[in-house]
Amino acid sequence: MEDYKDLYIVRHGKAVSDYGKISDIDRPLKERGIVDSLTMANRLLSKDIMPDKIISSSAVRAFHSASIFCRAFDISVEKIQIVEQFYLSGTSTLLDLIFSTESNVKSLMIFGHNPTFTDLANYFLNNEIDNMPTTGVVGIRFNTRSWSEISRKTIENSFFDYPKNSF
């Protein structure tokens, strides 16, 4: 049996930039963010990607993006684990959370924010990316049986996709 861990880093969809007196954490997705989330979820489905565990920032735009992916994957939105630290945290906090994921989880999908998610992707990728656009997805397969052992050295393959990417 193959030992692997799949990590999918997903930046939330395009959000409303100015929403009056609503705080940043409560900003909703724009229509484009909703459409792009569905587009990217369907692209992942076409690659037979199905996460075992989904974690989202507590921000409305991240949770809404995660819930759109869940609906496309036919996964109950109740399965989304909301983690407060995903909102306004640094890379080291995210790494601690990822490294401590249960070993029976083969595939982890996380939803959050820039610049931290671009930094997180670049922590692992050999070919760094300049910026993860909204609803961008970095998928990385690690050849290891433990989340605590994932690193650049254990990468088997990776991809970077986003809504405006043309094949």
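Read the figures in this text as sums done on the coordinates, not as results from a lab. All figures in this text were calculated on a predicted structure; none of them were measured in a lab. Reconstructed Cβ throughout: ideal geometry from the backbone, glycine too, with neighbour counts over all protein chains shown.
Would you mind stating whether Ile49 is crowded, with 22+ Cβ neighbours inside 10 Å, within 15 Å of the chain's Cα centre (by Cα), more than 12 Å from Pro163 (Cβ to Cβ) and aliphatic (A, V, I, L, M)?
On the way: crowded, with 22+ Cβ neighbours inside 10 Å: no; within 15 Å of the chain's Cα centre (by Cα): yes; more than 12 Å from Pro163 (Cβ to Cβ): yes; aliphatic (A, V, I, L, M): yes.
No: the conditions fail for Ile49.
Please return the ranges of strands (runs of 3 or more DSSP E) entirely within region 1-112 where 3 or more residues are of a type in the set (D, E, K, R), touching a residue at least 60 places away in the same chain (Cβ under 8 Å) and closer than 23 Å to Phe159 by Cβ. Outline the logic, then answer.
Details: elements: 5-11, 53-56, 80-82, 107-112.
Strands (runs of 3 or more DSSP E) meeting the threshold: 5-11.
With the requirement that a residue be acidic (Asp, Glu) and either part of a loop (DSSP other than H, G, I, E, B) or in contact (Cβ under 8 Å) with a residue 60 or more places away in the chain (or both), what does region 113-148 give you?
At the first step, the residues of region 113-148 found to be acidic (Asp, Glu) are 119, 128, 130.
Matches in region 113-148: Glu128, Asp130.
Results for (1) over 23 Å from Ser17 (Cα atoms); (2) touching a Lys or Arg at 6+ places or on another chain (Cβ under 9 Å), shown as yes or no for each residue.
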site: Ile82; (1), (2): no, no
site: Ser92; (1), (2): yes, no
site: Asp96; (1), (2): yes, no
site: Met109; (1), (2): yes, yes
site: Leu125; (1), (2): yes, yes
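Of all residues in region 142-154, how many are of a type in the set (Lys, Arg) and either over 15 Å from Leu125 (Cβ atoms) or crowded, with 19+ Cβ neighbours inside 10 Å (or both)? Walk me through how you get there before you give the answer.
Narrowing region 142-154 to residues of a type in the set (Lys, Arg): 145, 152-153.
Still in the running and either over 15 Å from Leu125 (Cβ atoms) or crowded, with 19+ Cβ neighbours inside 10 Å (or both): 145.
Here the count works out to 1.
Count, please, the residues in region 98-107 that happen to be touching a Lys or Arg at 6+ places or on another chain (Cβ under 8 Å) and surrounded by 14 or more Cβ atoms within 10 Å (Cβ to Cβ).
Selection size over region 98-107: 3.
Whether any residue in region 16-30 is under 14 Å from the mean Cα position of the chain (by Cα), buried (at least 16 other Cβ atoms within 10 Å of the Cβ) and not hydrophobic (A, V, I, L, M, F, W, C) is what I want to check.
The first filter runs over region 16-30 and keeps only residues under 14 Å from the mean Cα position of the chain (by Cα), leaving none.
So far as region 16-30 goes, no, none of its residues is under 14 Å from the mean Cα position of the chain (by Cα), buried (at least 16 other Cβ atoms within 10 Å of the Cβ) and not hydrophobic (A, V, I, L, M, F, W, C).
Within region 149-157, identify whether any single residue is farther than 28 Å from Ser23 by Cβ, part of a strand (DSSP E or B), within 13 Å of the chain's Cα centre (by Cα) and of a type in the set (Asp, Glu), and answer yes or no.
Within region 149-157, none of the residues are farther than 28 Å from Ser23 by Cβ, part of a strand (DSSP E or B), within 13 Å of the chain's Cα centre (by Cα) and of a type in the set (Asp, Glu).
Looking only at region 142-167, which residues are farther than 17 Å from Asp96 by Cβ and hydrophobic (A, V, I, L, M, F, W, C)?
Ile155, Phe159, Phe160, Phe167
Identify, by number, the condition in (1) over 12 Å from the mean Cα position of the chain (by Cα); (2) under 26 Å from Gly33 (Cα atoms); (3) surrounded by 15 or more Cβ atoms within 10 Å (Cβ to Cβ); (4) not aliphatic (A, V, I, L, M) that Ser166 doesn't meet.
Result: Ser166 passes all but (3).
Name the single residue that is farthest from Lys5 (Cα to Cα) among those in region 23-59 being touching a strand residue (DSSP E or B) at 6+ places or on another chain (Cβ under 6 Å) and of a type in the set (S, T, N, Q).
Result: Ser58.
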